[in-house]
């Protein structure tokens, strides 16, 4: 292995340590605890080293969010039961999305709430975001002529439910009923 390859590998390893430390701190203490100074202390590097990898905290949040999208897309695809009807498949994806939001609250916040610098629905949208959107669109498409717009509405609805429930503004016990209602509304439009 040449010097350049080793340097690139070491750089990637440092970046992964920074991202991992940010995720760990956010899950443990919330995103307000994730500062460049605290991350530098956590991974035992100076702040300038972190800035050599990430422009600012938002860029670190963006890197965490990208990892999250890399995890969410496969979770959504795997959630669909074998032999499920189109409506059941949409319900499976909706429940998996909400479960992801509740089981990984700091990661979800990085993906959908905090400034991250990620660009959605643009020519330079990262592949993991596109893949996650496609996983959602696959279950919406059977019901809608304009699957992209319908998927955006489905996603926005799920996000709203996740945020309202995460903050105790709607009853968690009625999650399944709300999802069934949403699926019924989308399925009726076909």
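The values are calculated or read from the model by the stated rules, or taken from the named source; none is laboratory data. This one's a predicted model, so the numbers in the text were calculated from it and none came from an experiment. Glycine also receives a Cβ, built like all others from the backbone with ideal geometry; neighbour counts cover every protein chain displayed.
Against the definition (under 18 Å from residue 96 (Cβ atoms), without any contact (Cβ under 8 Å) to a residue 12 or more places away in the chain and part of a helix (DSSP H, G or I)), how does residue 163 come out, yes or no? So residue 163 does not fit the description; no. Within segment 139-152, being touching a residue at least 40 places away in the same chain (Cβ under 8 Å), assigned to a helix (DSSP H, G or I) and either crowded, with 18+ Cβ neighbours inside 10 Å or in contact with a strand residue (DSSP E or B) (Cβ under 6 Å, 6 or more places away or on another chain) (or both) holds for 139, 140, 143.
Listed here are the residues, each with its yes/no results for (1) at pLDDT below 95; (2) outside the structural domain of residue 32 (by TED's automatic domain parsing); (3) over 19 Å from residue 68 (Cα atoms).
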residue	(1), (2), (3)
97	no, yes, no
100	no, yes, no
118	yes, yes, no
138	no, yes, yes
144	yes, yes, yes
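Among the residues of segment 103-123, those that are more than 14 Å from residue 62 (Cβ to Cβ), in contact (Cβ under 8 Å) with a residue 24 or more places away in the chain and in a helix (DSSP H, G or I) comprise 105, 106, 108. Against the criterion of being in contact with a helix residue (DSSP H, G or I) (Cβ under 9 Å, 6 or more places away or on another chain) and assigned to a loop (DSSP other than H, G, I, E, B), residue 133 does not qualify. Out of curiosity, is residue 111 in the same structural domain as residue 75 (by TED's automatic domain parsing) and under 12 Å from the mean Cα position of the chain (by Cα)? The answer is yes for residue 111. In this structure, is residue 187 over 21 Å from the mean Cα position of the chain (by Cα) and at pLDDT below 95? Against the criterion (over 21 Å from the mean Cα position of the chain (by Cα) and at pLDDT below 95), residue 187 qualifies.
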